[in-house]
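Read the structure below first, then the notes.
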């Protein structure tokens, strides 16, 4: 059977029935000036054999580097069974199922996912996931503006300690609705939002975003920040790392009454690093706001015979019912990745996740100790961290990155583009996947590079100009 | 047979309005509207102190079938909202013109009440539905 369902004959018949001579006539309504002339920069099509060969060659260019880069996407051990089960035919779909009667297994899995996320974040309810962490933050901002009935404002307090890409994505998504971000600078010693720097007279603000840990890996003073926000009738949006929640206070318990919305990227929960995705976003909130939550929600119910079953619930929020007033136009999502995350969490369990978090933290402390023991490396922030830290080098980081990458070690993420004040600084991460030997190899290589860079004061003439 | 009390005024979007002795107005959705919606599962009443113009969407009623906006019939400020609906939205199904009231309003121009549809006109309108 061909992939393209219509034969030339079918097309001719249909055009004849409509009374036009070719397909282009169907687009008469669109002014000529607005029509694309073709895609000049797209090359000619290739055969399957040719494409396989190109992709194979490109895949060979990837090195199995030792990765100390994090910055929002983290290398964790994924038990082999996770993807073995996830890719079974019964689960293999990106969609949240529409037909409850034919999808009980998937619905039950999503219900369990929601239960796990609500438990991890300490919040009342979870949705069935969103696209990724950055768009989850955007959805949380839109939701907070809708949900905060004590505020008429479309202003959001957005700290610079929130992932720069999350801030950009969120701004792109919400600015069309007139929502603006008041940027809050960080404490340059602690690398955190200093509660003393919060505005005395903030005016009407819909929500404060609190990252935990923040983009620098630093832990924020979440209780004080949460209470400050609530005193000013401002909702709290927590942006959290799910692994860290195994050992940190969950957003539902921040301050006196807890955060209002918690969101983040689910990638650390069993999703491999893959050129920026696909990952998935999660979102949880308090019960009061569930009708303002975007995305789908799976509920547990009983059928006519009194047997337990699972179904999509609270659909009146969604676009097929509420149309333009829907809480979001998200209806499908990264279902397959959520499946993997649920199986990952079920396999490692709360104890396993806690071990992952503790070992990652311990490795980062060891890495920090060994890095700062090198002459020419300084820890930039003095506050406690989770599994990442910022280090300033007395040498140009571009040089260091080039040299370590050539030796198959990714040393971290250069912060200078997003934070000009953090010149020659790298954001470095060590998860549970790093051994003592890995850390030693990294620091020894750095020492060699430093020695070489020191001697460039008497440069050798290049052999070729 | 539809229930359309004669002392109330009505809108095309199926809200009812009652004039209270203290000069305020009580607003809800009609029995006909609750019948069309089916079993209500949630009501989002407006916040006290909010100003609305006539025609603004000011509340949401959600049933097992649909969610609908409730439109403010008069210009004015919300003085009271029916808090009991949060836990018992079925009050609207059981008693749309009584316990199922949604909010009270201090109108800017009380005279606008008389311009709303009377019971006979409303009854005629819904008979055509």
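Structural remarks
- Whole-Å distance, taken between Cα centres, linking the stretch A:129-158 and the stretch A:1-20: 47 Å
- Inter-probe distance in nm under a simple model that places probes 7 Å from Cα toward Cβ, at residue A:274 and residue B:75: 5.9 nm
- Chain A: relative contact order as a whole-number percent, Cα under 8 Å and 6+ apart: 20 percent
- Per-residue Cβ neighbour rank within 10 angstrom, fewest leading, A:445, A:15: A:15, A:445
- Taking only alpha carbon atoms, the stretch B:9-110 gives an Rg to Rh ratio of 0.93, where Rh is the Kirkwood radius.
- Label sites at residue A:87 and residue A:34, each approximated as a point 7 angstrom past Cα along Cα to Cβ, lie 4.4 nm apart.
- The overall shape of chain A is oblate: from the C-alpha gyration tensor, with semi-axes ordered a ≥ b ≥ c, the ratio a/c is 1.5 or greater and a/b is no larger than b/c.
- Rounded if a/c under 1.5, otherwise prolate or oblate - the stretch A:223-310, Cα gyration tensor axes: oblate
- Relative contact order (%) - the stretch A:80-344, alpha-carbon pairs under 8 angstrom, separation at least six: 29 percent
- Take each residue of peptide A:317-324, count the partner chain Cβ atoms within 10 Å of its Cβ, and average: the result is 2.
- Within 10 Å of the Cβ of each residue in B:63-69, the mean number of Cβ atoms contributed by other protein chains is 4.
- For the stretch A:275-318: rounded, prolate or oblate by the Cα gyration tensor [a/c cutoff 1.5]: oblate
- Highest mean packing first, where packing is the average number of other Cβ atoms within 10 Å per residue, the peptides A:300-309, A:174-183 line up as A:174-183, A:300-309.
- Percent of Cα pairs exceeding the 24 Å cut-off, where the set is the stretch A:80-344: 46 percent
- Distance from the alpha carbon centroid of the stretch B:1-65 to that of the stretch A:95-118 works out to 36 angstrom.
- Beta bridges per DSSP, both residues in chain A: antiparallel share near 60 percent.
- Sorted peptide list for A:42-50, A:281-289, B:88-96, A:219-227, criterion being average Cβ within 10 angstrom, highest first: A:281-289, A:219-227, B:88-96, A:42-50
- Peptide A:111-120, shielding by other chains (average Cβ, 10 Å cutoff): 0
- Spin-label zone in the stretch A:254-276 - amide nitrogen under 14 Å from a point set 7 Å from the Cα of residue A:198 along the C-beta vector: A:254-260
- Beta-bridge orientation, the stretch A:80-344: approximately 45 percent antiparallel, per DSSP, counting only bridges with both partners inside.
- Theoretical gain in end-to-end length, residue A:58 to residue A:182 [0.36 nm per residue, Cα-Cα removed]: 40.4 nm
- Fully extending the segment from residue A:257 to residue A:372, taken as 0.36 nm per residue of separation minus the present Cα-Cα distance, adds 37.5 nm.
- Scoring A:19-27, A:122-130 by mean Cβ neighbours within 10 Å over their residues and listing the highest first yields A:122-130, A:19-27.
- Per-pair calculated FRET efficiency, R0 = 41 Å: residue B:128 and residue A:12 via Cβ, rounded to 0.05: 0.30
- Extension gain, residue A:172 back to residue A:382 (0.36 nm per residue minus Cα-Cα distance, nm): 72.3 nm
FYI, it's all coordinate maths here, none of it is from the lab. What you see is a predicted model, and the numbers here were worked out from it, not measured in a lab. FYI the Cβ positions are ideal-geometry reconstructions off the backbone, even for glycines, and counts take in every protein chain you see.
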